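Everything below concerns the one structure shown next.
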Amino acid sequence: MKSRLVRTVASLAAAALAGTASAQVIDSQDFEGDGKDGYGGWTVNGNQMIFGGGNPGQYMGIPYLDFWGVTLENENSKNPVNGDYTKLGPTKFSVDIRVFALDNFGGDPLNPDWFPIVLQLHDFGDPDNWDDNVSVWFLGKGLPQVEDGWVRYEFLLPDPTQDALPPGWGGTGAENEWGDPILPPDRTWSSVLSSVDAVSFTTFVPGYFYGFNFWEVGFDNVLVEVVPAPGTLALLGAAGLLSSRRRR
């Protein structure tokens, strides 16, 4: 009887976890197919250029041309990556990135690590008023070296319901006394995340200026997913613990 109860609880916990996991994905894009579905609205520097040699299959990127920087972005209002994150909870953003070439204007190779990837979530406010554009952003690690191939980048968006910016996160829309970008005094972390109009992975760090370089960069396997709630993790632990007890 005890063994049957243990198996039942473990099975229910595993089933609940599976159900939760299946409902966690907000968007997943591997850039396969003919693009008739618009690849979910993702673009790189405003275009949807698809190449072979992804991780695996196809990837979206830019050919070897001169740009100020590189941005994978989604402004599609129909894609659930844009909307109210306060209803979702903590969220993880992941993407595979590869640098095929990065040179200065003289053709000399540049160190990709000089260009960190920023996750930025934008609230454009009134579309006719640029002055009320705001965002929150996190500075990630530098681009991978050419010889590194495809590298996975992951960012965690903490509790979106709090008002204060979490450690490591910045804001834009106003400036402090030193000219650094900050959120305007009437905006908070949660107010921005309650109305996200665009999500971007970009080499443009807010507050910095950039010149032209020659870039060939690709993006693949974008995944945006809600982080399991603590209760779900506890349920998983209970299932594992009960299962191990039954095996002994």
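The values are calculated or read from the model by the stated rules, or taken from the named source; none is laboratory data. What you are looking at is a predicted structure, and each value in this text was computed from that prediction instead of being measured. Note that each Cβ is placed from the backbone with ideal geometry, even for glycine, and that neighbours are counted across all protein chains shown.
Data overview
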| read-out | value |
| --- | --- |
| Answer residue from region 147-166, given it is among the aliphatic types (A, V, I, L, M) and in contact with a strand residue (DSSP E or B) (Cβ under 8 Å, 6 or more places away or on another chain) and is surrounded by the fewest Cβ atoms within 10 Å (Cβ to Cβ) among those | 156 |
| Selected residue [over 25 Å from residue 215 (Cα atoms) and at pLDDT below 95] from 89, 83 | 89 |
| Any hit, region 89-102, residues being assigned to a loop (DSSP other than H, G, I, E, B), touching a Leu at 6+ places or on another chain (Cβ under 7 Å) and of a type outside the set (S, T, N, Q) | yes |
| Those residues of region 147-158 which are under 22 Å from residue 133 (Cα atoms) and part of a loop (DSSP other than H, G, I, E, B), in sequence order | 158 |
| Selection count where residues are surrounded by 15 or more Cβ atoms within 10 Å (Cβ to Cβ) and either modelled with pLDDT under 95 or more than 24 Å from residue 29 (Cα to Cα) (or both), scope region 125-146 | 4 |
| Hits in region 191-227 (condition: touching a residue at least 40 places away in the same chain (Cβ under 8 Å), farther than 23 Å from residue 76 by Cβ and among the small types (Gly, Ala, Ser)) | 211 |
| Residue tally, condition part of a strand (DSSP E or B) and either β-branched (Val, Ile, Thr) or surrounded by 22 or more Cβ atoms within 10 Å (Cβ to Cβ) (or both), over region 182-212 | 4 |
| Enumeration of residues in region 103-116 that are surrounded by 14 or more Cβ atoms within 10 Å (Cβ to Cβ) and assigned to a loop (DSSP other than H, G, I, E, B) | 110, 115 |
